[in-house]
Amino acid sequence: MRYPVRRVLHAEWTKLRTLRANAWLALATAGFTVAASVAVTWTVDTSRCPSPAACFEDTTKLSLGGVWLGQVSVVLLAVGMIGGEYGTGLIRATLAATPRRHAVLAAKAAVLAATVAAAGALGVLGALLAGRFILPRNGFSAANGYPPLSLADAATLRAAAGTVLYLVLVGLLALGLATLVRGTAAAVTTVLSLLYVAPVLVGLVGDPLWHDRLERLAPMTAGLAIQATRNYEQLPIGPWAGLAVLAAWTAAALVAGGVLLATRDQ
């Protein structure tokens, strides 16, 4: 018996949109990203620099700093898509309706990616708009060598699009790990540890060579390199290379989760 892709996608979309908490989490992704970005940009000015031009601040990256908080909502949304089903037992009904288990995970991933992309784009645009208004008032003006933030600038456009992609990859990473561990709390703890605790632990490594190597492998540190538009020599890894590292983590989590979903009993 064939199971049309459209039917599986529709089922997953229906489950996602009919749970009110998911809508709030999607809105929170945009809201937290903008709010945290406003908080960051509002507190940074040129007064502590020898001169405004000598701050050498990456205003695009600064404006997108709220993603550091917005991604928490993405993780909760992604983990809940399958962790919640394991917790309630709904996963049995889902797999009974669609025995092709890889199709279930693929549909969840597609619906999640589209939802996070939409919420992430809204948050990123809001953060850049806030930065465009706030930063000049803090001394980061065109007269001081900081052009207004604009998507017409290739580097800013890359950083903005890359940040949305970063959020999508974080969501898919969380989905894969939630499928792997089959528990909401365990999955949330694992993902947030990878994102937030790993960089702290890397910072404790004293050997410079290993510190640099591990910093390039930390999912959040590597992935957020995509936001840089200047001072590239200070990055542990290049923008696209860093996003590729995060993509590798995400692919590994989805493949491992998909294999176990297809082979173990529920």
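Extent along the principal axes, Cα only, for the range 90-148: 63, 17, 11 Å, with the longest axis given first. For the chain, taking the reciprocal of the average inverse distance between every pair of different Cα atoms yields a Kirkwood hydrodynamic radius of 19.5 Å. Membrane-span-like helices in the chain, defined purely by DSSP H runs whose alpha carbon atoms cover 18 Å or more axially and whose average Kyte-Doolittle hydropathy reaches 1.6, are 154-181, 239-263.
The chymotrypsin sites (Phe, Trp or Tyr not before Pro) of the range 48-153 that DSSP puts in a loop, and whose beta carbon has at most 16 other beta carbons within 10 Å, are Phe56. The gain in end-to-end length when the Ala143 to Ala161 segment is fully stretched comes to 3.8 nm, 0.36 nm per residue minus the alpha carbon separation.
The stretch between Trp13 and His102 holds 30.4 nm of extra length on full extension. This uses 0.36 nm per residue minus the Cα-Cα distance.
Every number here is computed from the coordinates shown, using simple stated rules; none is lab data. Bear in mind that the values here come from a model prediction, so they are computed numbers and not experimental data. Cβ: placed from backbone, ideal geometry, glycine included. Neighbour counts: every protein chain shown.
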